[in-house]
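**Student:** Structure in structure tokens, see below.
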Amino acid sequence: MNDYELLDSGNGAKLERFGDIVLSRPCAQAVWQPQHPALWKQADATFDREDGNRWHGRNRLPKEWTIDVDGTRFRLSGTDFGHLGIFPEQRAQWAWIKQLCAPKNGIRPRVLNLFAYSGGSTLAAAHGGAEVCHVDASKGMVQWARSNATLNGLEAHPIRWIVDDVHKFMNRELRRGRVYDGIILDPPTYGRGGSGETYKIERDLTETLRLCRSLLSSSPRFLLLSAHTPGHTPIVLQNILTQALRGLGGAFSAGEMCLTGQAETFALPSGAYVRWQA
């Protein structure tokens, strides 16, 4: 089942269906003309940033609703920043994660998910069979992710829910001697922790990846890095990760993350990723 669909894009916006709800939201990459102008009249609500962040028709949206994307359920809600609690451009990454997280000889791989947001990658790793550590600086987002886990029948699955600054947590894990067989990270362009810590991808990503390298087990399976930062293209991410993992061997692949719909609808680039697999 798939309750998500990109219906159209253009004129700096995207039109998406989330279950029965159709939304129009800004998208700077959509510099072309819409292909299906009539569909935009179906929007239940729109979001813009012309005079600050603002919803139009928000009263027509349910306070929250649930959708199913490729067999995983997500609780959605329209936030003040226009986010809903899901990044569907990660769908291909979730499928890849799930494939690499199967237990071997009855032993679950240990997976670390950093900047973990509402838990799409955590759910993928858990569905695959991994033991997961979910880390995000926002207490509210960690609670949201936990509710998604419950929606998917994973409330008893071995998942550690951590509210913390990513670098502080990683350094504590190193001191504890903990290691992971897989690491997932989707760092923000700019982020702020609960104690006033700041994260800037241009300044901090190299250090984050150095810590990731130190936290990989002696028999690692994968590392997935994605970003939504302009200028951090697939080649840029692959170059950075290649340097960080020098000497480990394995294979790299990189590309654009895209929102997709029907065959006649343009794919919409929405960030970049690089995967490393042992």
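**Student:** Kirkwood Rh and Cα-based Rg: tell me the resulting Rg over Rh for the stretch 1-145, rounded to two decimals. Present the calculation step by step, with values, prior to reporting the outcome.
**Tutor:** Values: Rg = 17.0 Å, Rh = 16.6 Å.
Radius of gyration over Kirkwood radius for the stretch 1-145 works out to 1.02.
**Student:** With a probe of 1.4 Å, find how much accessible area the chain has per residue, and write the answer as a whole number in Å². Working shown, then result.
**Tutor:** Numbers: 12930 Å² over 278 residues.
Spelled out: the 1.4 Å probe surface of the chain, per residue, equals 47 Å².
**Student:** Relative to the Cα centre, what is the charge dipole magnitude of the stretch 105-207, using +1 at the beta carbon of each Lys and Arg, -1 at the beta carbon of each Asp and Glu, and rounding to the nearest 20 debye? Could the numbers behind the result be given before it?
**Tutor:** On the way: 13 positive and 12 negative charges, 57 e Å.
So the magnitude is around 280 debye.
**Student:** Counting Lys and Arg as +1 and Asp and Glu as -1, each charge on the Cβ, what is the dipole of the chain about the Cα centre in debye, to the nearest 20?
**Tutor:** In total the dipole reaches around 1000 debye.
**Student:** Given a 1.4 Å probe and every protein chain left where it sits, what share in percent of the accessible area of the chain is carbon and sulfur?
**Tutor:** Taking all protein chains in place, the chain shows 49 percent carbon and sulfur surface.
**Student:** Report the residue, chosen from Phe222, Phe252, Phe74, that carries the largest GNM mean-square fluctuation when the chain is represented by alpha-carbon nodes joined by springs under 10 Å.
**Tutor:** Phe252
**Student:** To continue, here is another question. Can you tell me the length gained on complete extension of the stretch Asn2 to Arg175, counting 0.36 nm per residue apart and subtracting the Cα distance?
**Tutor:** 58.0 nm
**Student:** Continuing with this model, one more query. Which trypsin sites (Lys or Arg not before Pro) from the stretch 192-264 combine a DSSP loop assignment with at most 10 other Cβ atoms within 10 Å?
**Tutor:** Values: sites: Arg192, Lys200, Arg203, Arg210, Arg213, Arg221, Arg246; in loops: Arg221, Arg246.
Passing both the DSSP loop test and the Cβ count: Arg246.
**Student:** Give the separation of the Cα centroids, the stretch 193-237 to the stretch 31-109, in Å.
**Tutor:** Taking the Cα centre of the stretch 31-109 as reference, the centre of the stretch 193-237 is 23 Å away.
**Student:** Would the stretch 188-269 count as rounded, prolate or oblate if I go by the C-alpha gyration tensor, calling it rounded below 1.5 in a/c and otherwise prolate when a/b exceeds b/c, oblate otherwise?
**Tutor:** Oblate shape, in that a/c is at least 1.5 and b/c is the bigger or equal ratio.
**Student:** Using the Cβ atoms and a cut-off under 13 Å, what net charge is assigned to the surroundings of Thr265, where Lys and Arg are +1 and Asp and Glu are -1? Kindly include the intermediate steps, with their values, before the conclusion.
**Tutor:** Numbers: positive: Lys14, Arg17; negative: Glu5, Asp8, Glu16, Glu264.
Neighbour charge sum, excluding Thr265 itself: -2.
**Student:** May I pose another question? Over 10 Å intervals from 0, what percent of Cα-Cα pairs in the chain sits in each interval?
**Tutor:** Going out from 0 Å in 10 Å bins, the chain shows 6, 28, 36, 22, 7, 1 percent.
**Student:** Explain nothing, just the number: dipole magnitude of the stretch 1-140 about its Cα centre with +1 on each Lys and Arg Cβ and -1 on each Asp and Glu Cβ, in debye rounded to the nearest 20. Each step should come with its number before you reach the end.
**Tutor:** Details: 17 positive and 16 negative charges, 78 e Å.
Taking the Cα centre of the stretch 1-140 as origin, the dipole is about 380 debye.
**Student:** What does the net charge come to around Ala43 if you take all other residues with beta carbon closer than 14 Å to its beta carbon, with K and R at +1 and D and E at -1?
**Tutor:** On the way: positive: Lys14, Arg17, Arg25, Lys41, Arg58, Arg60; negative: Glu5, Asp8, Glu16, Asp20, Asp44, Asp48.
Local net charge: 0.
**Student:** Which Cα, out of Ile67, His167, Leu6, lies furthest along the positive dipole direction of the chain (beta carbon charges, K/R +1, D/E -1)?
**Tutor:** Final value for the positive-end residue is His167.
**Student:** Now a separate question. Along the charge dipole of the chain, Cβ charges K/R +1 and D/E -1, which of Phe47, Ser77, Ser218 sits furthest on the positive end?
**Tutor:** Positive-end residue among those listed: Ser218.
**Student:** Between the stretch 147-183 and the stretch 112-146, how many Å separate their Cα centres?
**Tutor:** 7 Å
The values are calculated or read from the model by the stated rules, or taken from the named source; none is laboratory data. Because the structure is a prediction, the values reported are computed rather than measured. A quick note on method: Cβ atoms are made from the backbone with ideal geometry, for glycine too, and the neighbour counts reach across all protein chains shown. Heavy atoms of the whole protein, side chains included, go into the accessibility calculation; ligands, DNA and RNA do not. Shrake-Rupley method; radii C 1.70, N 1.55, O 1.52, S 1.80 Å.
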